Amino acid sequence: REANLKRAGERLQKDAGPGSTGKERFIEIIQPWRKRFLEDEVKQGSFKSTLRLMGMLYEDGVNRAEIKYFEGEVYRRRGKTGDEKKASDWAFVPTEPKTKKKDLRPDTEIALEIFHQALEEDGDVPPEIHRSIALIHQRHGDRELAKRSLRRYLELAPNAPDLKVIQFMLTQSS
């Protein structure tokens, strides 16, 4: 395996040309897989390190909208309340100094803010962002906003793997 990786690296470097870092080629190769990699990263539940990674990828500048979506997912999935954050040492943005004041807003509020930032960013936002927004609105009891976001999700992903679940959710939230 090591020999295969070394040969692949040498081939990429040779193809990149003199003075090239190979970044463009790397992005080209990784891009079709990146969403799946980021989904797996978020599912790990290592919130601090995942947010650090999101910060680095955001600074890299490639499809920032997608990165913002996954950053929001970290907060949505963690779902801590302000009171839970007061009791913990983890309510800061990992890419900023620890001396910065803790953000004690509920994670779902932070996630919504980040999701809206993602929708304003350059790049492709995964359609799932609308499902995530809907889940937050539903959790907060705002059924109309939840239904609107679920409908938008299905407009963008008419063959979504969770289509039946979303259709059921739309009938239940009436």
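The values are calculated or read from the model by the stated rules, or taken from the named source; none is laboratory data. Predicted model only: the values in this text are computed from it and were never measured. Ideal geometry is used to build each Cβ from the backbone, glycine not excepted, and the neighbour counts take in all protein chains shown. Accessible surface areas use protein heavy atoms only, side chains included; no ligands, DNA or RNA. Shrake-Rupley method; radii C 1.70, N 1.55, O 1.52, S 1.80 Å.
Structure summary
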| quantity | calculated |
| --- | --- |
| Dipole magnitude of region 22-62 about its Cα centre (Cβ charges: Lys, Arg +1; Asp, Glu -1), debye to nearest 20 | 120 debye |
| Label point at residue 101 placed 7 Å out along Cα→Cβ; residues across region 41-83 whose backbone nitrogen lies under 20 Å | 81-83 |
| Area accessible to solvent at residue 165, 1.4 Å probe radius, in Å² | 90 Å² |
| Under 12 Å from the Cα of residue 85 - aspartates and glutamates, other chains or at least 8 residues apart | 103, 107 |
